[in-house]
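I have placed the structure first, in the form of structure tokens, so that the comments after it can refer back to it.
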Amino acid sequence: MRDLPWFSISRFFLYITPLALVIVTASTLFPFIVGKYVWFRTSVALALIFFLIGVLFESEEGEEYLRKIGRILKTPLGIAVTAFTAIFIIAGIFGLRPGYSFWSNFERGEGGLQMLNLYIFFILLITLLRKESEWRKLFWVVLWTALLMILYGLGAGLGYNGFIGAEFGKDFSRFYGSLGNPAYMAGFLIFSSFYAVYILTTRYRKHLFSHPGAVFIWLLLGIYAVIFLLAATRGAFLGIIGGAFLGLGYVGFVKRSWRKWAITIIIFLAITAGTLIAFKNSEFVKKIPGSRIFDISLSTTTFQHRTIMWKVALDSWKERPILGWGPESFGVLFQKNFNPDYFDPKGSFGAWFDRAHNILFDYLVSTGILGTLAYMAIFATIYWKIFRRKIEEQTGLSSGIAALALAMPTAYLVQGLVLFDVLSIYLNLFIFFAFAWFLFYFKDEYESLT
């Protein structure tokens, strides 16, 4: 298929979409939110407009792209993502506050409109990124985005004029980057690290330590690791550990020659993480930057806040179990089923109460059992594809890349047990969904990685 201008322009806007996460609009009421979703939605809208122009004016190529969209919608992963998006929007229409569920507010910028944009983004990514090299370009944009986000956080920490955030040595406790929340920063770095390792093991697999590009990626991974520690997010830490265990376990299971190495690394990680968690109160561990991530306990204040919110979410879901209350409704339900134990007059303010701080409880409340099952079906189709026999023969996918594709959603799901989805996570999540479709269903145009 020829690479026509309209589709090239559309692809360009897809490439620059991740840069939304660098934007901080100090002039708005919510500087870490507004500029990001404006950039994201504008980029997706322009990508869609130029794609549709190409379809209208380039009949042969346009028809082929439309046929491809039809193929996408007939695959299990395409069906699952479509069903989840549709139920998400329908739940809002029949929910507590239909207008609010669709448009959301300045503080979050989520809702049905955001989900619709994410779905269009997903479809266009699969349709227009036809080669593995084109996916690598997108991943490079995400890697540079992560670096720019870190540089913004450093600027804020150093107190540069116009930069918003905690300054080093004053009120600084955790690293926010350009996202305004350390948990979001840590979650974003999980995805960024996945893209970095993917590029290393494909583009530079024969020159892991000698090619300048590979050396630069190793440098980025080192920077990401330091910032990940400074973000000090326990859920993300457990996510990384969980994803690594499952990915290494998969490699050890399917590749006998790698089994000893995989088992050795798993044991090393388990002993190291377990020791640091067990001795979290020792002076040695406390001196480690970001040592907060080792304070894993069910008795922590933040976890207790979450259990209260989960109880509110579960009680609310029981009242409307099929489609839930619609997106952006949890704040009202929190007040309706209010638990006074949430607020401690002598302590600090609890976790922000417009979300359940658990992705499953969030979707149960907002989209009911139908939306939650559709959401879980997305991951089920990915896991099913990976665990099928002879995956290498069926998709051209190497066991190492399959292990990465297994570890990434696992890390996301584990960290999501104590967090909720926002644009910085949603954007990467839908990139991953689209890339998973490319890996598993697009063998004819797939450039073999083995």
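Summary table below
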{"quantity": "For the chain, calculated [θ]222 nm from helices alone, where every DSSP H run of n ≥ 4 adds -39500 (n - 2.57)", "calculated": "-22500 deg cm²/dmol"}
{"quantity": "For Val215, Val254, order by how many other beta-carbon atoms lie within 10 Å, fewest first", "calculated": "Val215, Val254"}
{"quantity": "Over 25 Å (Cα to Cα) - which of Lys36/Lys286; Lys36/Lys311; Lys311/Lys385; Lys68/Lys385 fall in this group", "calculated": "Lys36/Lys286; Lys36/Lys311; Lys311/Lys385"}
{"quantity": "For region 5-445, alpha-carbon Rg over 2.2 N^0.38 Å", "calculated": "0.98"}
{"quantity": "Dipole magnitude of the chain, debye to nearest 20 (Cβ charges: Lys/Arg +1, Asp/Glu -1, about Cα centre)", "calculated": "1120"}
{"quantity": "Length-normalised contact order of the chain in % [C-alpha pairs under 8 Å, at least 6 apart]", "calculated": "21"}
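Values in this text are rule-based calculations from the coordinates and carry no lab data. Source: prediction; values computed, not measured. Cβ: placed from backbone, ideal geometry, glycine included. Neighbour counts: every protein chain shown.
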